[in-house]
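Structure first, commentary second.
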Amino acid sequence: MVQKVIEPRLNPSPMVVTLTAPNPPILNDPTLTSTWSHRAWVASGCTTVLISLAKAIAGAAESHTWLEPILAGLLGYILVDLASGFYHWRIDNYGSSSTPLFGTQIEAFQGHHKRPWRVTRIQFANILHVLARGVTLTVLPIDLACNDPTNHGFVAVCSGCIMFSLKFHAWAHTPKSQLPLPVVALQDAGLVVSGSKHAAHHLPPYDKNYCIVSGVWNEFLDKQRAFEALEKMLFFTLGVRPRSWSDHPSSSCMDQRDSDPLM
Ligand SMILES: [Zn+2]
Ligand SMILES: [Zn+2]
C-alpha cells in the first residue's frame, strides 16, 4: 500500500530556497514535459522578441540615437518586475480554478505554494509556452506595424522578461550548484530574482515578495504595504477577501499534505 508523503517545508531562512522532492517525480508526467506545440510557441515568442530587438538596434544605429532606446529598455525591465508583482498578487489572492481566463494559472500558483520544488522539474518549453503565446500574439503586430527604435527598445526587453519570468522564478527554486554559471552570475548581480530574494514569499500566508523578474521592487512594495492597502480597499469597496488573510501559518501543515505520493 502506498503511503501519503508530507512534503518537507521550505526552510524559513531567507537565504535558502533549495527545495527537494521527497521522491523523484514521474519522468513521463505530461504536465512536466514539453510538447512540440510548446516548443513552437516558445520559438515564435523568441523570434518576435528578437525581431523587435533587431529593429531597436538597427533603428538606433541608423539614426545614431542610442540613449532613448537604451533608456526605454531599462524602463521596460524595471516596470516588468513591478507588473509581475501585481499579477502574482492578484493570481495568489483572488479567484479559483473555475475563474474564467485565469483559472488554470490560479490553480498552478496555489499548487506551487504547496509543492514549490515541482517548478524545477517542469521542462523549458512547457514552463514558457503560455507566456510565449501571449508574447507572440502581442509583439508580432508591433513588429509588423512599428519601426521606432525607442518603442522596440521597450517592447523587446519588456516582452522578453515577461516570457522568461516563470523560468527566472524556477531558477530561484533551483540549488545554485545545479544552475548554469551565467544564471548564477545574473542572480548574484541582482538582475534576475534569486532564491534569497524569493524565499520570503514562501512563508505562509504567502503575502510578501511577489515580484519574480528581478525582485527589485519587493522591498519597497512590502515596506509600503502596497498590497495590504489594495486588499483593504478591495475588501471595503467590493467585500472580497484575499486568500492571504486566511492562509495562516497554523494551517499550512495540513496544506502541505499531498494526495499524490510521487508529487
Ligand atoms: Zn505565490
Ligand atoms: Zn516560488
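Annotation: extensible slack from S96 through M233 equals 47.3 nm (criterion: 0.36 nm per residue apart, minus Cα-Cα distance). Evaluated at q = 0.11 Å⁻¹, a Debye calculation over the C-alpha positions of the stretch 35-255 (equal weights, vacuum) places log10 I(q)/I(0) at -0.60. In the frame of its principal axes, the stretch 91-137 has Cα extents of 28, 27, 13 Å, reported largest first.
Here L179 and V240 are evaluated by their C-beta separation; at R0 = 41 Å the FRET efficiency comes out at 0.60. Projected label points at D188 and E62, each 7 Å from Cα along the beta carbon direction, are separated by 4.1 nanometres. State the Cα centre-to-centre distance between the stretch 195-242 and the stretch 94-170 in whole Å. Between the Cα centres of the stretch 195-242 and the stretch 94-170 lies a distance of 19 Å. On the beta carbon distance between V130 and T47, with R0 = 25 Å, the FRET formula returns roughly 0.90.
Can you tell me how the stretch 22-156 classifies by the Cα gyration tensor, rounded, prolate or oblate, using a/c under 1.5 as the rounded cut? Taking the square roots of the gyration eigenvalues as a ≥ b ≥ c, the stretch 22-156 is prolate.
We did not get these values from a lab; they are worked out from the coordinates using the rules stated. In this text, all values refer to a predicted model and were calculated from it rather than measured experimentally. Here Cβ is always computed from backbone atoms with ideal geometry, including for glycine, and neighbour counts include all displayed protein chains.
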